[in-house]
Amino acid sequence: VSMAKSMSLLWGAGSPPCWRVMITLEEKKLQGYKHKLLGQVGLPAFKHGDYILNESTGACLYLENQFKSQGNKLIPDSPAEQALMYQRMMEGLTLTDKLNSVIYYEWFVPEDERHDSAVKRNREALAAELKLWEGYLQTVAAGSYLAGAFSLADAIVFPNIAYAFRFGLSVGHYPKLAKYYSLLRNRPSIKATWPPHWLASPQGFDILKDL
Amino acid sequence: MAQDMTLLWGSGSPPCWRVMIALEEKKLQGYNQKLLSFEKMEHKSQEVLDINPRGQLPSFKHGDTIVNESYAACFYLESQFKSQGNQLIPDSPAEQALMYQRMFEGLTFYEKLNAVIYYDWFVPEGERHDSALKRNKEALATELKLWDGYLQKLGSGTYLAGPSFSLADVTVFPTVATVFRFGLSAERYPKLGEYYALLKERPSIKASWPPHWLENTKGQDTLKDI
């Protein structure tokens, strides 16, 4: 626990990358780190002593490796589960990109370069991506998440799934994703780090409702 | 061990190259492999789809275990074969932290490169804009300066995470090699040039060098003015 005192995090509320690091810190029983909320989006700036880890997946991997024997084990031992964990973790970054290309289209693309055809294509790509994840979670149940027991894959991906539902994703269209979401939203590390403004205003946006 | 492994790959694809470097470094030569052509759309063939529903390369199997994402395959191989070949994740927390940081920044570097050299592959004709390509080139130049700066800080003859070759080099070198293949000026980016010259002689990298780059040593000049 005193290890956490040499850690600091600059974060944005609701930002999946920031949330990933916060979930991992909770899972590794590293509560007590210094933190400063910068706003509602943005990327994490994480320091452990003099070591800087601003890439969220990198920070999570570093924390699991440095604090292996503390808190919950986040990388499975069995080769098959380990492989699946790494695979889903990295696929989570593809999911992030496809979500961002729909939700933040106008942030990323200057007005005179926008095309309806691009918006349509990005939405179709996101729908195809979400169907893949719906398939990955066919047998989701308590204790049986993206690679078996809760792992780094879930720390990386859950924030994106929560984000998708916040932006209106239909529970009816994606029942397995919805089950994954409802099973994990009460996990202590996730409850403890839930974006504060999402608690204040539970109703989000609806950009993804027809996907 | 290697004979239970199969890699489907494309020549010059950095994600494929990453896995091949890792296999060499872990002394897993002798794996089954098949070279496929992106141009002939072979990455969308049934053979690939059977392993990788995304229809992407690399597609990698170890026995019944499938790991297609290149970084995932690298992590898996290092973890499963820790005591074999070269150690690819440093022990020291400082180097380890830097390794993870650079690995994931490496994904951004790769995206920014693709946004320039494969602009026409990714963007349909009716959606292309000179303003977008210009912006992508500027973003790539900024990114390249950043990496040149990282190497400058560490000093000559070092690797991306410090004194030891690591997964940061396995995952990022292929992107660096690609920028020079596409005509980047080593004079403008001297530290990247030195890093490239140092690593291209490494056995695992020589052994996995893209075959079509050997057949045709002259690359493109898309990046010569960046």
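Points to keep in mind about this one:
- Members of the range A:119-158 that become less accessible by 20 Å² or more once partner protein chains are added (1.4 angstrom probe, chain alone as reference): A:Arg121, A:Leu132
- When the C-alpha to C-alpha distance is required to be over 29 Å, the pairs from A:Lys209/B:Lys112; B:Lys153/B:Lys224; B:Lys134/B:Lys191; B:Lys61/B:Lys191 that qualify are A:Lys209/B:Lys112; B:Lys61/B:Lys191.
- Using the 1.4 Å probe convention, the accessible area of the range B:93-215 works out to 43 Å² per residue with neighbouring protein chains retained.
- Per residue accessible area in Å² of the range A:79-200, where ligands, DNA and RNA are left out and the probe is 1.4 Å: 42 Å²
- Carbon + sulfur, % of accessible area of chain B - ligands and nucleic acids excluded, 1.4 Å: 50 percent
- 3J(HN,Hα) from dihedral phi, the range A:25-37, Karplus parametrisation 6.51/-1.76/1.60, rounded to Hz, x for glycine, proline: 4, 4, 4, 8, 6, 10, 4, x, 6, 6, 8, 9, 7
- Taking trypsin sites (Lys or Arg not before Pro) across the range A:14-63, the ones in a DSSP loop with at most 15 further Cβ atoms lying within 10 angstrom of their Cβ are A:Lys29.
- Entry note, the range B:76-226: relative contact order of 26 percent, from Cα contacts under 8 Å with a spacing of 6+ residues.
- Across the options B:Met41, B:Ser13, B:Asn52, the greatest Cα extent toward the positive end of the charge dipole of chain B (unit charges at beta carbon of Lys, Arg, Asp, Glu) belongs to B:Ser13.
- When +1 charges are put on Lys and Arg Cβ atoms and -1 charges on Asp and Glu Cβ atoms, the dipole computed for chain B relative to its Cα centre reaches about 300 debye.
- In the range B:1-83, the GluC sites (Glu not before Pro) that fall in loop regions by DSSP, at most 10 other Cβ within 10 Å: B:Glu39
- Overall form of the range B:89-148 per C-alpha gyration tensor (a/c, 1.5; a/b vs b/c): prolate
- Alpha-carbon centroids, the range A:134-184 and the range B:69-86: separation in whole Å: 27 Å
- The range A:3-66 - percent relative contact order, Cα under 8 Å, separation 6 or more: 43 percent
- Loop-located chymotrypsin sites (Phe, Trp or Tyr not before Pro) in the range A:65-164 (DSSP state not H, G, I, E or B) with no more than 13 neighbouring Cβ atoms inside 10 Å: A:Tyr104.
- Residues of the range B:130-150 falling in the label zone of A:Leu43, defined by backbone nitrogen less than 17 Å from a point 7 Å along Cα to beta-carbon, are B:136-150.
- Annotation for the B:A interface, with buried accessible surface near 2700 Å², both sides summed [1.4 Å probe; non-protein components not counted].
- Rounded percent of accessible protein surface that carbon and sulfur make up, chain A, 1.4 Å probe: 56 percent
- Gyration tensor (alpha-carbon) shape descriptor, chain B, a/c threshold 1.5: oblate
- Heavy atoms of B:Arg202: accessible area, 1.4 Å probe, square angstrom to 10: 50 Å²
- The protein assembly as shown - mean residue ellipticity at 222 nm from DSSP helices (-39,500 (n - 2.57) per run, n ≥ 4, rounded to 500): -16000 deg cm²/dmol
The values are calculated or read from the model by the stated rules, or taken from the named source; none is laboratory data. Because the structure is a prediction, the values reported are computed rather than measured. Positions of Cβ are backbone-derived with ideal geometry, glycine not excepted, and every protein chain shown enters the neighbour counts. The protein model used for the area step is the full one, side chains on, heavy atoms only, and it has no ligands, DNA or RNA in it. Shrake-Rupley method; radii C 1.70, N 1.55, O 1.52, S 1.80 Å.
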